[in-house]
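Visitor: Input: one structure, supplied below.
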Amino acid sequence: QVHLVESGGGLVQAGGSLRLSCAASGFIFSLNTMVWYRQAPAKERVFVAQITSGGTTTYADSVKGRFTISRDNARNTVYLQMTSLKPEDTAVYYCHPPGFPNYWGQGTQVTISS
């Protein structure tokens, strides 16, 4: 059974930083692309960043240069380092393996105050 647990969210001031973690289990983590999404209140869930099994990364334009996605295959964990945070980054952040489309974690709330 695929299981995803996001953590690391919180309340920070604009300009601050946070590091999100997502612990995955129930599939061969090292062979799978992992993606971070976010969902702001009353908005659709949107793509934030992706890392392939080979380590290739892709970012949404809105976070490029501020966020860094990484993975630790030994720990079955994907990270999202977020810097220069803005109020518009406020959202619930989810990690997701596209190879298992029906599985999502509970998300972690990120709130940025101005």
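The values are calculated or read from the model by the stated rules, or taken from the named source; none is laboratory data. This is a predicted model, so every value here is computed, not measured. Here the Cβ positions follow ideal geometry from the backbone for every residue, glycine too, while neighbour counts run over all protein chains shown. Protein only, heavy atoms only, side chains kept; ligands, DNA and RNA dropped before computing areas. Shrake-Rupley method; radii C 1.70, N 1.55, O 1.52, S 1.80 Å.
Visitor: What is the log10 of I(q)/I(0) for the chain, computed with the Debye formula using one identical point scatterer on each Cα and no solvent, at q = 0.09, 0.11 Å⁻¹?
Guide: Values returned for q = 0.09, 0.11 Å⁻¹ are -0.21, -0.31.
Visitor: May I ask you to order 4-15, 51-62 by the average number of other C-beta atoms within 10 Å around their residues, highest value first? Present the calculation step by step, with values, prior to reporting the outcome.
Guide: Details: 4-15: 15.3, 51-62: 12.7.
Those peptides, ordered most packed to least, come out 4-15, 51-62.
Visitor: Compute the relative contact order of the chain as a whole-number percentage, counting only Cα pairs closer than 8 Å that sit 6 or more residues apart in sequence. Spell out each step's value before the answer.
Guide: Working: 274 pairs, mean separation 41.9, N = 114.
With pairs under 8 Å counted, the relative contact order is 37 percent.
Visitor: Carbon-plus-sulfur fraction of the accessible area of the chain, 1.4 Å probe, in percent?
Guide: Details: 2840 of 5820 Å².
Carbon and sulfur: 49 percent of the exposed surface of the chain.
Visitor: To continue, here is another question. Please compute the length gained on full extension between T111 and S62, using 0.36 nm multiplied by the number of residues separating them and subtracting their Cα-Cα distance.
Guide: Working: separation 49, 0.36 × 49 = 17.64 nm, distance 1.64 nm.
Taking 0.36 nm per residue and subtracting the Cα distance, the gain is 16.0 nm.
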